[in-house]
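I have placed the structure first, in the form of structure tokens, so that the comments after it can refer back to it.
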Amino acid sequence: MSTNTIDIPKKVTTSTVAKMKQAGEKIAMITAYDYTMASLVDAAGIDLILVGDSAANVMAGYGSTLPITLDQMIYHAQCVTRGAQRAMVIVDMPFGTYQGNPDEALRSAVRIMKESGASAVKLEGGREVKESVERILSAGIPVMAHLGLTPQSVNKFGGYGIRAKGDAEAQKLMEDALMLQELGCFSLVLEKIPAPLAARVSQELAIPTIGIGAGSGTDGQVLVLQDMLGMNSGFRPKFLRLYANLAETIDNAVKNYISDVKTLAFPSADESY
Ligand code: KIV
């Protein structure tokens, strides 16, 4: 277990995470979509906050990440940046705002940066989005890449299963990772791939990798906040560790409130003016 720590400045930046990788200090990333949660995870000392397009699932209740719009992502990002004092905020580019059209990719990324005050964008894919990544980077916008299970391609994959189990897909993933580093991406998310492959990619790359369902050999980890807080009892993949059971806590609290209201136990005289 690495116990290395670097002197983290007031605000985490791309150069902070590069130094953390060099020092062997693991990077902790978590998602957030609103001011209150962003303030709480920032105060707890999280390094990176991802305004994930998983907002489509956990905030809006959609069955996939595809429906969320650029305007909606910018709204979530604005809420998060107001709550994050120290953590670096990275915003997912939603489906349809960067694939296949580098001009549109740049316009979308510029809107995210200008309107939300975030520090970087994240997008999914390798060689298929090379030109878009180049164009965004050319404007001085840091890019976090994302390979392996890329949920915006769920319809192509036919589900959310583990990726790159075979040699050909593993080889393509390694080539894409090296290409994304060469282009200038500052980090790479590896989602739901075999742990030995994620460890190999992490050793090959100089930029930090952040894993989710990719084992312990990556340079950092990311989880969806509502999932790790146990707010979503219907989602229990093998890679998810529960750090709280907020579904139960909220259920008990709301049931107690309902009962107090119905029995006139709330409000008391002390709680009245
Ligand atoms: O949208 C998201 O939350 C993500 C993480 C799971 C990496 O992309």
I'm checking my understanding of the structure. Among residues of region 197-213 that are in contact (Cβ under 8 Å) with a residue 40 or more places away in the chain and within 12 Å of the ligand (Cβ to nearest atom), which one is surrounded by the most Cβ atoms within 10 Å (Cβ to Cβ)? Ile210
Expected single match for farther than 21 Å from Thr81 by Cβ and of a type in the set (D, E, K, R) among Lys114, Lys122, Lys172 is Lys172
Looking at this structure, is Ala44 more than 30 Å from Asn57 (Cα to Cα), at pLDDT 95 or above and of a type in the set (A, V, I, L, M, F, W, C)? no
Being of a type outside the set (Asp, Glu) and farther than 22 Å from Ala18 by Cβ is the filter here; which residues of region 97-111 pass it? Thr97, Tyr98, Gln99, Gly100, Asn101, Pro102, Ala105, Leu106, Arg107, Ser108, Val110, Arg111
Which of the residues spanning region 175-185 are crowded, with 22+ Cβ neighbours inside 10 Å and over 18 Å from Pro151 (Cα atoms)? Leu180, Cys185
Residue selected from region 65-113 under the condition among the small types (Gly, Ala, Ser) and within 15 Å of the chain's Cα centre (by Cα), by the criterion farthest from Asp7 (Cα to Cα): Ala77
Just wondering, is there one or more residues in region 248-257 that are on the phi > 0 side of the Ramachandran plot, free of Cβ contacts under 8 Å to residues at least 60 places away in the same chain and either outside the structural domain of Gly63 (by TED's automatic domain parsing) or more than 14 Å from the ligand (Cβ to nearest atom) (or both)? no
Only residues that are surrounded by 12 or more Cβ atoms within 10 Å (Cβ to Cβ) and aliphatic (A, V, I, L, M): list them for region 223-273, please. Leu223, Val224, Leu225, Met228, Leu229, Met231, Leu240, Leu242, Leu246, Ala247, Ile250
Check off (1) within 17 Å of Gln99 (Cβ to Cβ); (2) touching a residue at least 12 places away in the same chain (Cβ under 8 Å) for Lys156 and give me the number that stays unchecked. (2)
Restricting to region 125-169, and then to whatever is in a loop (DSSP other than H, G, I, E, B) and within 23 Å of Arg111 (Cβ to Cβ), can you tell me which residue is farthest from the chain's Cα centre (by Cα)? Ala139
Enumerate the helices (runs of 4 or more DSSP H) found wholly within region 4-113, keeping only those where 1 or more residues are free of Cβ contacts under 8 Å to residues at least 60 places away in the same chain and more than 16 Å from the ligand (Cβ to nearest atom). 14-23, 35-44, 70-83
In the list Gly140, Gly220, which residue meets the criterion of being modelled with pLDDT of 95 or more and surrounded by fewer than 20 Cβ atoms within 10 Å (Cβ to Cβ)? Gly140
Does Lys172 count as within 15 Å of the ligand (Cβ to nearest atom), touching a residue at least 12 places away in the same chain (Cβ under 8 Å) and not hydroxyl-bearing (Ser, Thr, Tyr)? no
Are any of the residues in region 125-144 of a type in the set (Asp, Glu), free of Cβ contacts under 8 Å to residues at least 40 places away in the same chain and within 23 Å of Glu182 (Cβ to Cβ)? yes
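The values are calculated or read from the model by the stated rules, or taken from the named source; none is laboratory data. Predicted model, so just to flag it, every value in this text is computed and none were measured. All Cβ positions, glycine included, derive from the backbone under ideal geometry; neighbour counts span all protein chains shown.
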